[in-house]
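Remarks on the structure that follows.
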Amino acid sequence: MAARRIFWQIYRSYLVIMLLTMVAVMGYALDSVRRFYEERVTEDLRARAVLVRHHIASILDKREEMETLCRTLGEESETRITVIDAQGLVLAESNQSPETMENHADRPEIKEAYDGRVGSSTRYSATRKHNMKYVAVPVRDAKRGDVVAVVRTSVPLIFVEEALSAAYWQIALGCIAAVVLFALIARVAEPLA
């Protein structure tokens with residue numbers, strides 16, 4: 001009888017330790033998956049912005065051509081593309097008319113691009129009604145090297161959130177299965193005393 005009581009005390013302790021370990025592992029795994037997806041989206045948007053920048057740099061003074069290019073490339077790549085001048089005015093936009101858009105100089109990713117770096121931010125878009133990932137790259141004057149415009153690419157994070165949701169469930173079910181398996185094995189191993 002004493003052996004059985006000791007077993008149950010140890011069993012409960014190990015079960016609690018196992019549950020806490022699984023919660024910690026699940027938290028770490030979910031955070032890693034989220035960071036992985038966000039890094040991939042950011043890198044993909046950066047690559048798209050750089051490709052668009054090469055086209056835009058030579059046609060900055062041709063507004064209609066810029067708008068056509070943004071719409072065409074945006075449609076083909078399922079990416080929102082925006083070209084912003086050095087004062088924050090939208091010159092071309094793939095999804096809406098630039099004239100209806102507000103000044104973008106205060107956006108965090110645009111500010112970074114004005115400083116000559118790749119800018120990145122995630123926030124809710126009132127225009128698109130979704131959380132969006134934005135990446136902006138500077139467009140430099142070929143002769144002086146000054147930042148004369150910014151190309152920003154963005155995508156809604158709905159597909160990332162859906163992928164993360166699926167991953168969360170898979171990781172959670174795996175952890176639950178491991179805890180249940182541990183509990184069953186420990187139960188079978190209970191001393192017969």
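Considering only residues of the stretch 152-183 that are in contact with a His (Cβ under 9 Å, 6 or more places away or on another chain) and open to solvent by less than 50 Å² (accessible area, probe 1.4 Å), which is nearest to L73 (Cα to Cα)?
In this case the residue turns out to be R152.
Within the set of pairs 6+ apart or on separate chains, which have a first residue in the stretch 20-47 that is acidic (D, E), a second that is part of a helix (DSSP H, G or I) and open to solvent by 70 Å² or more (accessible area, probe 1.4 Å), and C-beta atoms under 8 Å apart?
Pairs found: none.
Give the residues of the stretch 99-137 that are in contact (Cβ under 8 Å) with a residue 60 or more places away in the chain and either touching a Pro at 6+ places or on another chain (Cβ under 7 Å) or of a type outside the set (S, T, Y) (or both), sorted by residue number.
Restricting attention to the stretch 99-137, the residues satisfying the condition of being in contact (Cβ under 8 Å) with a residue 60 or more places away in the chain are 118, 120, 122, 133-137.
Passing the criteria: V118, K133, V135, A136, V137.
I'd like to verify a number: residues in the stretch 21-78 that are more than 27 Å from Q96 (Cβ to Cβ) and either touching a Phe, Trp or Tyr at 6+ places or on another chain (Cβ under 7 Å) or not in a helix (DSSP H, G or I) (or both), how many?
Of the residues in that region, 1 qualify.
Filter the stretch 118-146 for residues that are within 30 Å of E162 (Cα to Cα) and outside any strand (DSSP E or B); which is most open to solvent (accessible area, probe 1.4 Å)? Even if it seems obvious, please write down each step before you answer.
If we filter the stretch 118-146 for residues that are within 30 Å of E162 (Cα to Cα), which is where we start, we get 118-137.
Next, from what is left, pick out any that are outside any strand (DSSP E or B): 118, 126-129.
On the way: V118: 72, A126: 69, T127: 84, R128: 80, K129: 131 Å².
Restricting to residues being within 30 Å of E162 (Cα to Cα) and outside any strand (DSSP E or B), the top hit is K129.
Listed here are the residues, each with its yes/no results for (1) surrounded by fewer than 15 Cβ atoms within 10 Å (Cβ to Cβ); (2) closer than 12 Å to V151 by Cβ; (3) among the β-branched types (V, I, T).
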residue: E78; (1), (2), (3): yes, no, no
residue: I81; (1), (2), (3): no, yes, yes
residue: V90; (1), (2), (3): no, yes, yes
residue: S94; (1), (2), (3): no, yes, no
residue: S97; (1), (2), (3): yes, no, no
residue: T100; (1), (2), (3): yes, no, yes
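Kindly indicate whether any position in the stretch 162-171 is small (G, A, S) and not in a helix (DSSP H, G or I).
So far as the stretch 162-171 goes, no, none of its residues is small (G, A, S) and not in a helix (DSSP H, G or I).
Only one of A186, A113 is in a helix (DSSP H, G or I) and either at pLDDT below 80 or surrounded by fewer than 18 Cβ atoms within 10 Å (Cβ to Cβ) (or both); which? Spell out the reasoning first.
Values: A113 fails: either at pLDDT below 80 or surrounded by fewer than 18 Cβ atoms within 10 Å (Cβ to Cβ) (or both).
The conditions single out A186.
The values are calculated or read from the model by the stated rules, or taken from the named source; none is laboratory data. Quick caveat, the model's predicted, so the values are computed rather than measured. All Cβ positions, glycine included, derive from the backbone under ideal geometry; neighbour counts span all protein chains shown. Accessible surface areas use protein heavy atoms only, side chains included; no ligands, DNA or RNA. Shrake-Rupley method; radii C 1.70, N 1.55, O 1.52, S 1.80 Å.
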